[in-house]
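A short worksheet on the structure shown next.
Values in this text are rule-based calculations from the coordinates and carry no lab data. A quick note: this is a predicted structure, and the numbers were derived from the prediction, not measured. Please note: Cβ atoms are built from the backbone with ideal geometry, for glycine as well, and neighbour counts cover all protein chains shown.
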Amino acid sequence: MPEHVAVGVDAAPDGWVAVQYHDREYASVHRYADTDADGSAFRALWTDLWSDLETVDAEHLTVLVDVPIGLPDDDPAREPEVQARKRLENRQSSVFNVPIREILDEDDYATANATQKECVDKGLMQQTFNITHRIREVDSVLRDDAATEATQDRIREAHPEVCFWALNDHQDMRFSKSSQPAAAYWERVDALAAVHPDVTDDHGDRRSAFHDALADAGSALLDWDDPALSNDDLLDAFALAVTASSLTGEFQTLPDDPGEDEEGLRMEMVYAHPES
């Protein structure tokens with residue numbers, strides 16, 4: 001029976017991918033595909049996790065998700081993004097400003113962009129708008145799902161590149177996922193492998209336990225029906241799960257003293273350092 005369940009959740013083109021660790025070890029990977037237009041995939045994910053907690057104290061479940069939680073009214077440049085950019089010398093471009101709450105329910109980019117410009121005199125990046133429906137899914141669960149105790153005690157925001165920075169001794173990743181995909185992939189694999197303990201195979205060779213975990217996750221992915229997620233999605237989910245697991249220490253936040261939005265949601269990114 002695990003003492004702690006850690007889940008890293010990353011958005012994919014067709015839903016979500018969730019990597020789960022039990023204490024210090026990889027446990028599973030699950031896919032939650034979009035089945036309709038009502039934004040139910042993240043709710044299904046959270047409901048499944050909550051229903052599985054018969055053998056785990058609910059206080060020992062941590063879910064890290066790579067979308068903004070807590071949306072401002074007056075400035076899309078939240079302090080978490082400001083602080084993240086200060087730490088990511090090479091990967092600053094991976095940190096986008098967020099949508100303001102006023103446009104969260106908009107499904108048309110031109111309308112959302114015009115509204116945000118009118119409200120805060122700053123436009124909305126297309127990349128940000130493309131994940132607005134994912135932000136809406138998580139926001140809805142946190143604000144409306146009190147029956148399953150969906151709170152920020154359990155569901156928290158994290159940014160994969162900030163997690164990699166912290167796991168890699170405050171060194172951000174050198175290679176870009178978009179322009180240097182192969183180098184970027186293996187650089188991030190190495191960063192995650194370094195956090196895991198070594199294992200010895202039947203031939204006496206030693207390797208990181210992460211390589212076994214990644215291979216197991218890849219085998220599960222092959223059994224899915226036409227998955228649209230990329231290697232980046234899977235590694236990002238792993239980075240969040242490892243950050244939430246017992247392989248790391250206490251959470252730190254960006255900023256140190258997070259503020260709240262009008263709905264009472266903290267605006268923060270969490271990260272953690274490897275256990276020494």
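Within the straight-line cut-off of under 20 Å between alpha carbons, the lysines reachable from Lys177 are Lys86, sequence neighbours fewer than 8 places apart in one chain being disregarded. Between amide H atoms placed 1.01 Å from N, distances below 5 Å from Gly15 occur with Asp34, all of them 5 or more places distant or on a separate chain. Sites count as exposed loop sites when they are trypsin sites (Lys or Arg not before Pro), lie in a DSSP loop, and have at most 14 other Cβ atoms within 10 angstrom; the longest stretch of the chain without one is 1-121.
Expected output is a single nm value to one decimal: the length gained when fully extending between His211 and Asp169, i.e. 0.36 nm times separation in residues minus the C-alpha distance. What is it? List each step's numbers first, then the result.
Details: separation 42, 0.36 × 42 = 15.12 nm, distance 2.03 nm.
Extending this stretch completely gives an extra 13.1 nm.
With a point put 7 Å past each Cα toward its Cβ, work out how far Glu118 is from Ser93 in nm, to one decimal. About 3.3 nm, to one decimal.
How big is the dipole moment of the chain about its Cα centre under a simple scheme where the beta carbon of each Lys and Arg is +1, that of each Asp and Glu is -1, and everything else is neutral? Debye, nearest 20, please. Don't skip to the answer; put the middle values down first.
Numbers: 22 positive and 60 negative charges, 194 e Å.
My answer is approximately 940 debye.
Based on the alpha-carbon gyration tensor of the stretch 76-176, what equivalent-ellipsoid semi-axes (square roots of 5 times the eigenvalues) come out, in whole Å, largest first? Spell out each step's value before the answer.
Details: eigenvalues 129, 88, 22 Å².
Semi-axes, largest first: 25, 21, 11 Å.
How large is log10 of I(q)/I(0) for the stretch 1-139 at q = 0.14 Å⁻¹ when the intensity is taken from the Debye formula with one equal scatterer per alpha-carbon? Listed by q, the Debye log ratios stand at -0.76. Using the rule -39500 (n - 2.57) for each DSSP H run of four or more residues, divided by the residues of the chain, the 222 nm mean residue ellipticity is -11000 deg cm²/dmol.
Where the alpha-carbon atoms of the chain are placed on the principal axes, they occupy 65, 42, 39 Å, in descending order.
Backbone phi angles across the stretch 98-111, fed through the Karplus curve with coefficients 6.51, -1.76 and 1.60 (θ = phi - 60°), yield HN-Hα couplings of 9, x, 6, 4, 4, 9, 4, 8, 6, 10, 10, 4, 4, 5 Hz in residue order; Gly and Pro are listed as x. Between helix 209-222 and the chain, what is the angle of the helix's C-alpha long axis to the longest principal axis, kept within 0 to 90° and rounded to the nearest 10? The two axes meet at around 60 degrees. How tilted is helix 41-51 with respect to the longest principal axis of the chain? Cα atoms for both, answer in degrees (0 to 90, nearest 10). That helix lies at roughly 50 degrees to the long axis. Note on the stretch 233-276: Cα-only Rg and Dmax are 12.5, 39 Å.
In order along the stretch 187-201, the Karplus-derived 3J(HN,Hα) couplings, from 6.51 cos²θ - 1.76 cosθ + 1.60 at θ = phi - 60°, round to 4, 6, 4, 4, 5, 6, 4, 5, 7, 8, x, 7, 10, 10, 8 Hz, and Gly and Pro are given as x. Along the stretch 127-140 the Karplus relation, 6.51 cos²θ - 1.76 cosθ + 1.60 evaluated at θ = phi - 60°, assigns HN-Hα couplings of 4, 5, 4, 5, 10, 4, 5, 6, 4, 4, 4, 5, 4, 5 Hz to successive residues, with x for each Gly and Pro. Using only Cα atoms, tell me the angle between helix 231-244 and the longest principal axis of the chain; keep it within 0 to 90° and round to the nearest 10. Value to nearest ten degrees: 80. Note on Ser276 and His203: with the Förster distance fixed at 30 Å, the Cβ-Cβ geometry gives a FRET efficiency of about 0.50.
Any chance you could check the Cα centroid distance between the stretch 145-219 and the stretch 63-140 for me, in angstrom? The stretch 145-219 and the stretch 63-140 have Cα centres separated by 25 Å.
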